Structures are given as structure tokens and as C-alpha cells.
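Enquirer: The structure follows.
Laboratory data are not the source of any read-out in this text; all were calculated from the coordinates shown. Note that the structure is a prediction, hence the values are computed from the model and not measured. Methodologically, a virtual Cβ is constructed for each residue, glycine included, from the backbone with ideal geometry; neighbour enumeration extends over all protein chains shown.
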Amino acid sequence: MQSAIERVVSAAPVVPVMVIEKLEHAVPLGRALVAGGLPVLEITLRTACALDAIKAIKAEVEGAIVGAGTVNTPADVERAAAAGSEFFVSPGSTPRLIDAVEASGIPILPGVNSPSEVMALMERGFKYLKFFPAEAAGGVPMLKSIGGPLPQVKFCPTGGVNLKNLQSYLSLPNVVCVGGSWMAPVDMMHAGDWAGIEKLAREARAAAEA
Ligand SMILES: O=C(O)C(=O)C[C@H](O)[C@H](O)COP(=O)(O)O
């Protein structure tokens, strides 16, 4: 399972967190992000059309690696798996959630923001975790501190990450990629500004590789 999530977190340095309000936005949004160099897509289960959006992007967006975010309960695991999610992301982690994910056979990036939470998941064999909410939970200094005693765990910081601070996270030895919603703004989706979203994705990728 950890090699499966490793494939996901290694595929792109920045993971767009997508809140899709209209199903017809899903495919053009996915295409814009992939064209901008961000193939790993996290579709949050926060909206009514999220599961259909996952299905549509998987069927129609070439090159996308499609995952579900906001996977909070065993029921979420079941419906996100049925929609064809290739990976899951959760804001936090509970034993019941992790049991359900393990039974599904689909890899997850579970959310944590404290050493005890990291250690609980290390006991279960996890090496890749989401650090959430990254900025509010201590940001770069917190990840540096966790990396002292627990260097074997790698993180995808998400929550308050943006074009300005992403390099400070990616330069840490225990950060493998970052996530964020800034390159998929809801107002640009409603305006159908897919070229603008592709440009934001391209900028994010370039900043991550600078
Ligand atoms: O929806 C989820 O499952 C989450 O866990 C939260 C998201 O990862 C953050 O909301 C993204 O944060 P921003 O980039 O600051 O918007």
C-alpha cells in the first residue's frame, strides 16, 4: 500500500485540491490542470457532484491520476472507491477510517498534525502522510521539528500553502509534495476560464521546480 501511495505523491510536486460545484466543470478543469503539468488531482467530497466528477475525470481526462479528498468516514471510502478513486486523502485519521481504507485496498494519504498522530500511523506501516492544516498547525518550523525524531515519514503539507510559500515546504527533506486549492479557484471555474486555470497550474509547477 505504501508503494502505491508513493507512486501518487511522486507523480507531481503539487496536488490541486478541487471543489467542484458543477459537474460540467469537472472535465475542462481536469484537462486544464493536467495540461498545466499537474496530473495528480484531488477531488474533495464536499459537493453533491463530487463522485460523478471523479467518474467523469477518470473516463475523459487523459493522463490524470484521480483521487478523492475529504474522505472522512468508512461510508466515504465505500462511495469514493465505487466512483473509481485511485487514492484517498483525509483531513485527519481515525482507526475506523484506516481500517476501512485498508479493506478497500486503495492507498490513502491520511491527515495528521502532531507527533503522536504520526507515530500512530507509523505503527500501522504508513510512510506518507498529509500535514493538515499546514500553515495553521505550525507550517515549516513544525515539519522541521517533527523531522528531527521522525525523519522516516514524508509529508504532503496542505492548508494555507500557496505560490509564495510552496518552495519553503518543498525544500524540507521530509516533504514529498504539497497540496492546495489556489490553482482551481471557484470563480474562475464559473467563468469558464480554463486557460487561466492552466496558467495557474503551470506557474505552480514552475515554482515547485525552481
Ligand atoms: O477538503 C479536504 O479534505 C481538506 O482536507 C482540506 C483541503 O486540503 C484544504 O482545504 C486545502 O486548503 P487550501 O489550499 O488552504 O484551500
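Enquirer: Between L109 and residues 5 or more places away or on another chain, which pairs have amide H atoms under 5 Å apart, with H built 1.01 Å from N, and which residues are they?
Expert: F88, V89, S90
Enquirer: Using modelled backbone amide H atoms (1.01 Å from N, in-plane), which distant-in-sequence or interchain residues come within less than 5 Å of G180's amide H?
Expert: Hits under the 5 Å cutoff: V15, V17.
Enquirer: Which residue fluctuates most in the GNM of the chain (Cα springs below 10 Å): A136, A56, A35?
Expert: A136
Enquirer: Here is a further query. Under 12 Å from the Cβ of F88, count the other residues' Cβ atoms, weight Lys and Arg +1, Asp and Glu -1, and hand me the total. Write down the numbers at each step before the final one.
Expert: Details: positive: R79, K130; negative: E42, D76, E78, E86, E102.
With Lys, Arg at +1 and Asp, Glu at -1, the net is -3.
Enquirer: Most mobile of I43, I146, I54 per a Gaussian network model of the chain (Cα springs, under 10 Å)?
Expert: Largest GNM mean-square fluctuation: I146.
Enquirer: Counting other Cβ atoms within 10 Å, keep those with at most 10, restrict to DSSP loop, and tell me which GluC sites (Glu not before Pro) in the range 1-62 are left.
Expert: Working: sites: E6, E21, E24, E42, E60, E62; in loops: E21, E62.
Counting only loop positions with at most 10 other Cβ atoms within 10 Å, the GluC sites (Glu not before Pro) in the range 1-62 are E62.
Enquirer: Oh, and also: Hey, could you get me the Stokes-Einstein D for the chain, Kirkwood radius over alpha-carbon pairs, 20 °C and 1.002 mPa s, rounded to whole µm² s⁻¹?
Expert: On the way: Rh = 16.8 Å.
In µm²/s, the coefficient is 127.
Enquirer: On a 32 Å Cα-Cα criterion, which of the cross-link pairs K55/K144; K22/K127; K154/K199; K22/K164 come out too long? If you can, show how the numbers build up before the last one.
Expert: Numbers: K55/K144 38 Å; K22/K127 35 Å; K154/K199 28 Å; K22/K164 29 Å.
Those over the limit are K55/K144; K22/K127.
Enquirer: Continuing with this model, one more query. For a quick check: sort H190, H25 by the number of other beta carbons within 10 angstrom, fewest at the front. Don't skip to the end; give the middle numbers.
Expert: Working: H190 11, H25 22.
With the sparsest Cβ surroundings first, the list reads H190, H25.
Enquirer: Whole Å is fine, so just give me how far the alpha carbon centre of the range 140-210 lies from that of the range 1-79.
Expert: 16 Å
Enquirer: Let me ask another. Picking from A80, A32, A48, which is most flexible by a Gaussian network model of the chain using Cα springs under 10 Å?
Expert: Among A80, A32, A48, the largest GNM mean-square fluctuation belongs to A48.
Enquirer: Of T73, T44, how do they rank once you tally other Cβ atoms within 10 Å and put the fewest first? Before the final figure, lay out each step's value.
Expert: On the way: T73 15, T44 19.
Fewest-to-most Cβ neighbours within 10 Å comes out as T73, T44.
Enquirer: What is the set of long-range amide H partners of V40 at a cut-off below 5 Å, with H atoms built 1.01 Å from backbone N?
Expert: For V40, whose amide H was placed from the backbone, the distant partners under 5 Å are I65.
Enquirer: Where does each of C156, C49, C177 land when they are ranked from fewest to most other beta-carbon atoms within 10 angstrom?
Expert: Details: C156 28, C49 16, C177 25.
Ascending number of Cβ neighbours within 10 Å: C49, C177, C156.
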